[in-house]
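Just so you know, all these numbers are worked out from the coordinates, no wet-lab data involved. Given the structure is predicted, the values throughout are model-derived calculations rather than measurements. We place every Cβ from the backbone using ideal geometry, glycine too, and count neighbours over all the protein chains shown.
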Amino acid sequence: MSITKSKALRIGVTGGIGSGKSAVTKMLEARSVAVVDADVIARLVVEPDTQALSLIAEHFGHTILQPDGTLDRAALRAKVFQDESERKWLESLLHPLIRTEIVRQLELSESPYSVLSSPLLLETGQNLLVDKVLLIDASEALQIERTQQRDNIDATAVGAIIASQWPRAKRKAKADFIIDNDGTLLELEEAVEKMHQQFLTLAGFTKAQKSNDKS
């Protein structure tokens, strides 16, 4: 699956909206794992005064900007999820920029293994930047419920986002590891710890090294 040349193990973490990717990556960061977040990078490349933001405003109109000059993400989301051609235009602009920054940040990592967290890891081919793919999976009903609580948007809007992403079965077929996140936070924590130990082993860490890492 990987074209990674570096010796350091790279794990891609993905899942549908509301599946719990952020909770998992926070748990891994607490274990001193370097996490590169594609969502954070996606915001970085459209900050005020960037060429990407200028092109977006030119394409969609300056009403897509907030009074302070930042991108109105809710307005942009409404436009691109109602029109597939607009979504593809936006992706063709942003995905190469995001990929370049992801590679740069992964190269800077010094942790035992690195994580690339990306909701579109498989859809955009970012899985070629990692060695293994970890899927965080949850039922669609839970995805909708969690996203509504987190983002304060209606179920129809969440459904449109889910429809734009790969179906769960397709993601599962491409994953090397899967965490089922339909349970409690404690169950998720236990699953993450188990996965963390597996990744340390894959990265070539011995039991003694793992012990030192915990201390």
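Points worth noting:
- Listed conditions (1) within 25 Å of residue 105 (Cβ to Cβ); (2) outside any loop (DSSP other than H, G, I, E, B); (3) among the charged types (D, E, K, R); (4) out of contact with any Lys or Arg (no Cβ under 9 Å at 6 or more places or on another chain) are all met by residue 88, apart from (1).
- Condition check for residue 59: in contact (Cβ under 8 Å) with a residue 12 or more places away in the chain and surrounded by fewer than 16 Cβ atoms within 10 Å (Cβ to Cβ): yes
- Of the strands (runs of 3 or more DSSP E) lying entirely inside the range 101-188, the ones with 3 or more residues being in contact (Cβ under 8 Å) with a residue 60 or more places away in the chain and surrounded by 14 or more Cβ atoms within 10 Å (Cβ to Cβ) are found at 113-117, 132-137.
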